[in-house]
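Visitor: Below you will find the structure I want to go over with you.
The values are calculated or read from the model by the stated rules, or taken from the named source; none is laboratory data. All figures in this text were calculated on a predicted structure; none of them were measured in a lab. We place every Cβ from the backbone using ideal geometry, glycine too, and count neighbours over all the protein chains shown.
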Ligand code: ADQ
């Protein structure tokens, strides 16, 4: 079997991952790589002063981790700038939060070129290369320019925006053209794939066959839908080990027979935490009978805290949490517990297991692994209920969740009440239906399906 080369901006290490608070990409890619091993290349998360980056190589089990540092200006323009102040908000349909600067684009191209330069010495003829996410879109073009002939695939972990929004990006044609240099482009949902096709058709005048083969500007590219999964079969064991944690034990004791509602997210505006707090407030306002009988715990560690929009969000969330508790708390009851920190992965999974409602209401999300993990962590004899935003990619698969529109906070409040009071047989029915999906399409299926299609590349006339 060909060796798999994975490139993503952030590279997880197994020990770091178990400490939690990693993004979904790291969680998913690590689980996928653990199966067949390979080489994982990316940024080591450090800012360095030297002009030539130090390359770190480390082998853990069957994975070679190769990482490089970024200089401060690279970090500012590439990571904080073009990636997280331009592409991320745009791809999550928040052009109002875009902060476009020409030098961000230059920095973005510069770091992509740097990654290519540092990766090249590690590449072998029979490798298969899989690039991940919006930070690294230009890499295939640059690798091809450097003479690399291996199959190169790309997976987008975020949504892909409709053309009307994409056009707000001054470089949108360049970005689309860069995507054409891959052999295979993977998306989480049909909607993302369709929006990409529309952009290619109307912005670059490309042709798209019914099987998803694009012909455009001299390129042939295949696209496909590969909804990312989780390590479904391993989750019950992780839950059991998480139950030994002091956090789990303490919370279980404190809750007594109160029902727990849980939200777990990186602190990001796309996750809809503010709207979620408003919906919870509506619930408390209209359902006095639930007072003292429920507790909502929102876990949201700071993410990208040095990007302006994130700093503002943190303040807004602090205030909103204070407002809910200021209005409804009593000496023996705190209705909302907002924890601005991460937990170990198995602890989070045990907390899902303890919860009666998984409260997952992003305003926009590529997939949302928390939704899937919450379901897989439930006990099938008395499962909790997933309240899930229709704006998450996961809603296309988890159709037996209680699906809500996160912008309609009054309706979300009603759905929460329904979830809290849902009879056991209905909870079991919904849970079983979702588990069928999670078992069939787990993280291994995701990796196998993408890799098989990438290796096949039957459409390529020349390698
Ligand atoms: P994220 O935006 O990071 O991922 P998500 O898919 O929910 O979002 O994954 C987050 C992961 O981190 C989950 O595994 C979760 O359990 C874990 N996590 C989050 N907060 C945590 C905390 N406080 N402590 C411990 N663990 C925590 C991006 C895209 C998503 C897409 C994934 C994978 O934005 O849409 O689903 O990549 O493709």
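Visitor: Give the residue that is farthest from residue 183 (Cα to Cα), with candidates limited to residues of the stretch 439-450 that are out of contact with any strand residue (DSSP E or B) (no Cβ under 6 Å at 6 or more places or on another chain), surrounded by fewer than 21 Cβ atoms within 10 Å (Cβ to Cβ) and in contact (Cβ under 8 Å) with a residue 24 or more places away in the chain. Write out each step before concluding.
Guide: As a first pass, look at the stretch 439-450 and keep what is out of contact with any strand residue (DSSP E or B) (no Cβ under 6 Å at 6 or more places or on another chain): 439-449.
Of the ones still in play, those that are also surrounded by fewer than 21 Cβ atoms within 10 Å (Cβ to Cβ) are 439-441, 444-445, 448-449.
Then drop every residue that is not in contact (Cβ under 8 Å) with a residue 24 or more places away in the chain, which leaves 439, 441, 444-445, 449.
Details: 439: 28, 441: 23, 444: 21, 445: 20, 449: 14 Å.
Ranking the candidates gives 439 first.
Visitor: Would you mind stating whether residue 234 is surrounded by fewer than 19 Cβ atoms within 10 Å (Cβ to Cβ), within 16 Å of the ligand (Cβ to nearest atom) and modelled with pLDDT under 95? Quick ask: steps written out before the conclusion?
Guide: Details: surrounded by fewer than 19 Cβ atoms within 10 Å (Cβ to Cβ): yes; within 16 Å of the ligand (Cβ to nearest atom): yes; modelled with pLDDT under 95: yes.
In short, yes.
Visitor: Of the numbered conditions (1) away from the ligand (no atom under 16 Å from the Cβ); (2) farther than 29 Å from residue 396 by Cα, residue 341 fails exactly one; give the number of that condition.
Guide: (1)
Visitor: On to the next question. Give the residue, chosen from 283, 290, 260, 255, that is away from the ligand (no atom under 16 Å from the Cβ) and closer than 16 Å to residue 360 by Cα.
Guide: Exactly one residue qualifies, and that residue is 283.
Visitor: Next question, about the same structure. Could you list, in sequence order, the residues of the stretch 263-276 that are out of contact with any strand residue (DSSP E or B) (no Cβ under 8 Å at 6 or more places or on another chain) and more than 9 Å from the ligand (Cβ to nearest atom)?
Guide: Within the stretch 263-276, 269, 274, 275 meet the criteria.
Visitor: Go through the stretch 384-414 and give me each residue that's within 16 Å of the ligand (Cβ to nearest atom) and either over 20 Å from residue 259 (Cα atoms) or surrounded by fewer than 23 Cβ atoms within 10 Å (Cβ to Cβ) (or both). Before the answer, list the steps.
Guide: Within the stretch 384-414, the first condition is being within 16 Å of the ligand (Cβ to nearest atom), and the residues that meet it are 384, 386-398, 401, 406.
Answer for the stretch 384-414, where residues must be within 16 Å of the ligand (Cβ to nearest atom) and either over 20 Å from residue 259 (Cα atoms) or surrounded by fewer than 23 Cβ atoms within 10 Å (Cβ to Cβ) (or both): 389, 390, 391, 392, 393, 394, 395, 396, 397, 398, 406.
Visitor: Quick test for you: out of 88, 40, pick the one residue that is within 17 Å of the chain's Cα centre (by Cα), closer than 27 Å to residue 227 by Cβ, within 16 Å of the ligand (Cβ to nearest atom) and at pLDDT 95 or above. Walk me through how you get there before you give the answer.
Guide: On the way: 40 fails: within 17 Å of the chain's Cα centre (by Cα).
Matching residue, one of 88, 40: 88.
Visitor: So which of 248, 280 is part of a helix (DSSP H, G or I), modelled with pLDDT of 95 or more and under 18 Å from residue 385 (Cβ atoms)?
Guide: 280
Residue-by-condition table, conditions (1) within 14 Å of the ligand (Cβ to nearest atom); (2) buried (at least 19 other Cβ atoms within 10 Å of the Cβ); (3) farther than 28 Å from residue 374 by Cα:
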residue: 295; (1), (2), (3): no, yes, no
residue: 301; (1), (2), (3): yes, no, no
residue: 312; (1), (2), (3): no, no, yes
residue: 315; (1), (2), (3): no, no, no
residue: 323; (1), (2), (3): no, no, no
residue: 329; (1), (2), (3): no, no, no
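Visitor: Tell me which residues, restricted to the stretch 402-415, are touching a residue at least 40 places away in the same chain (Cβ under 8 Å) and under 24 Å from the mean Cα position of the chain (by Cα).
Guide: Matches in the stretch 402-415: 404, 406, 407, 409, 412.
Visitor: Shifting gears a bit: Hey, can you tell me all the residues within the stretch 35-64 that are buried (at least 19 other Cβ atoms within 10 Å of the Cβ) and more than 24 Å from residue 268 (Cα to Cα)?
Guide: Across the stretch 35-64, the qualifying residues are 38, 39, 40, 41, 53, 63.
Visitor: Return the residue satisfying two criteria in turn: it lies in the stretch 334-383 and is without any contact (Cβ under 8 Å) to a residue 40 or more places away in the chain and more than 22 Å from residue 406 (Cβ to Cβ), and of such residues it is surrounded by the most Cβ atoms within 10 Å (Cβ to Cβ).
Guide: Filtering first and then ranking leaves 334.
Visitor: Now a separate question. Right, residue 86: part of a helix (DSSP H, G or I) and in contact with a helix residue (DSSP H, G or I) (Cβ under 8 Å, 6 or more places away or on another chain) or not?
Guide: yes
Visitor: Follow-up. Which of the residues belonging to the stretch 71-88 are touching a strand residue (DSSP E or B) at 6+ places or on another chain (Cβ under 6 Å) and crowded, with 18+ Cβ neighbours inside 10 Å? So that I can check it myself, show each step before the final result.
Guide: Quick first cut of the stretch 71-88, residues touching a strand residue (DSSP E or B) at 6+ places or on another chain (Cβ under 6 Å) only: 72, 75.
Listed by number, the list holds a single entry, 75.
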